[in-house]
Amino acid sequence: MSAARSCRPPRALAGLFVWRLRSTGARQMPCRFVHLYHVASSKLITFQYCNFLKRMYVTQCNKDLSQRAKPKSDSIVSPFHELQQLDQEKKVVHKISSASPVPQSWSEMSSRNELRKIKSAAETEDSVVPGGAESKEDRQWKEMKLRLDDLPGILARLSKIKLTALVVSTASTGFAMAPVPFELTCFLLASLGTGLASCAANSINQFFEVPFDSNMNRTKNRPLVRGQISPLLAVCFAACCGIPGVALLTLGVNPLTGALGAFNIFLYTCCYTPLKRMSIANTWVGAVVGAIPPIMGWTAATGSLDAGALLLGGILYSWQFPHFNALSWGLREDYSRGGYCMMSVTHPGLCRRVALRHCLALIGLSAVAPVLNITTWTFPIISLPINLYISYLGFRFYRDADRSSSRKLFFCSLWHLPLLLLVMFTCKKSVLEKEDKGELRGGSHEMAMEIRLP
């Protein structure tokens, strides 16, 4: 009873405090409504104002939504401080690149890429499971399929059609320079036989040089190197060109021309081709091979080997040294990689001297033509400027010994030979002049054709 009595006064005080608050709150409620009405009437509370109050309440309750001012960076920074910051950044970057762990995002991306690769590999394996052995065979060397539409172009590259055209043109020049009447049938047979013999020699040359041509950039796209045709087909093509060509020259023209054609095929395939990997003497042997076609043209027209035929052969012989030496000078790396023994690789000084000597020899050979009664004296005079120009380029090549001078000499030789032969043909002595001097053989006087200068 005593404890209950001691607790009663605090409870009575609390109840009195609550009653006081209720009584004062109930009394002040009408006053607050009246005050709110006066404020609303004085400030004209609108919807926008209520919305503004709402936003203010939200921002006050949620402090994350309120704007926070960011401190401004220092406007003036000393250069020493900037250098320190740069050094720190470099150090941090170096540390990150060397010892930082792979980020989680990058690992996720790499894992996704690996999954994609695995899926694609699985799909390809599923699609190529029966042909797995074929994929390994595709990586190995195999002969390409031959199409009939591509065969003419392949055979043209096998026979070196551009070189064959040059051989036929020089043989035609020898036929035209012969001091006999022009016979169209003999000319066509001689040109066709010479072209077939050249195709055969070039094809056999490529057949022997397949392992060496594959190491050279200039010859790595030849048909036999790329496997576009089989070696058996190349040999058959050479036989189909060489045998009819020699037979045509022997039976259709004369035996001397046929013998020269067969000898030239032997010299090119069995002497020049192996010498290219043994001695620099291959250049002189190759020059003899190039000098024989105009002799064949002369013998096809006359049936005999005269001084005029040797002169034409000498011009072709000397022209080939500046032409080929300048060409090989720019291909020294290629020839050495292919294993060929060329003057430009083993004897560069001799290569330049020989080119200059034979450039000067062309001037002397042009002066001998009127002495042998082949051309008039206008030929050495007209041909002197072009011979002097190629001699000047030969001297530049000998002195500078660089790629630029060799290229100029090579490109000059490309137009020098046809221009020199054209001038020689225009300055040829007419057949009537030779009739007056009694140089024509019996039986050819009535069929002689007059060739006069314009």
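The values are calculated or read from the model by the stated rules, or taken from the named source; none is laboratory data. Computed from a predicted structure; not experimentally measured. No Cβ is skipped: glycine too gets one built from the backbone with ideal geometry, and neighbour counts run over all protein chains shown. The area values use the complete protein model at the heavy-atom level, side chains included, leaving out ligands, DNA and RNA. Shrake-Rupley method; radii C 1.70, N 1.55, O 1.52, S 1.80 Å.
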Problem set entry | Odd one out for residue 404, checked against (1) closer than 30 Å to residue 351 by Cα; (2) surrounded by 17 or more Cβ atoms within 10 Å (Cβ to Cβ); (3) modelled with pLDDT under 95 | (2)
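Could you check segment 339-383 and list, in sequence order, the residues that are in a loop (DSSP other than H, G, I, E, B) and of a type in the set (A, V, I, L, M)?
First, pick out the residues of segment 339-383 that are in a loop (DSSP other than H, G, I, E, B): 339-342, 347, 369-374, 376-377.
Once the filter is applied, which keeps residues that are in a loop (DSSP other than H, G, I, E, B) and of a type in the set (A, V, I, L, M), segment 339-383 yields 342, 369, 371, 372, 374.
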Problem set entry | Matching option when the condition is surrounded by fewer than 24 Cβ atoms within 10 Å (Cβ to Cβ) and without any contact (Cβ under 8 Å) to a residue 24 or more places away in the chain, among 328, 318 | 328
Problem set entry | Total residues in segment 218-232, condition surrounded by fewer than 18 Cβ atoms within 10 Å (Cβ to Cβ) and in a helix (DSSP H, G or I) | 3
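When the residues of segment 235-285 are filtered to those that are assigned to a loop (DSSP other than H, G, I, E, B) and touching a residue at least 12 places away in the same chain (Cβ under 8 Å), which remaining residue is most open to solvent (accessible area, probe 1.4 Å)? I'd like the intermediate steps shown before the answer.
Step one: filter segment 235-285 for residues assigned to a loop (DSSP other than H, G, I, E, B), giving 254, 276-281.
The next check asks that each one be touching a residue at least 12 places away in the same chain (Cβ under 8 Å); those that pass are 254, 276-280.
Numbers: 254: 24, 276: 22, 277: 76, 278: 139, 279: 41, 280: 28 Å².
Residue satisfying both the conditions and the ranking: 278.
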Seminar exercise, completed: Taking segment 183-216 and keeping only residues that are under 14 Å from residue 167 (Cβ atoms), in contact (Cβ under 8 Å) with a residue 60 or more places away in the chain and aliphatic (A, V, I, L, M), one is left with 190, 197, 200, 201
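Name the residue that is nearest to residue 179 (Cα to Cα), counting only residues in segment 424-438 that are modelled with pLDDT of 80 or more and open to solvent by less than 20 Å² (accessible area, probe 1.4 Å). I'd like the intermediate steps shown before the answer.
Let us first name the residues in segment 424-438 that are modelled with pLDDT of 80 or more, namely 424-429.
Retained after the next criterion (residues that are open to solvent by less than 20 Å² (accessible area, probe 1.4 Å)): 424, 427-428.
Values: 424: 13, 427: 13, 428: 9 Å.
Result: 428.
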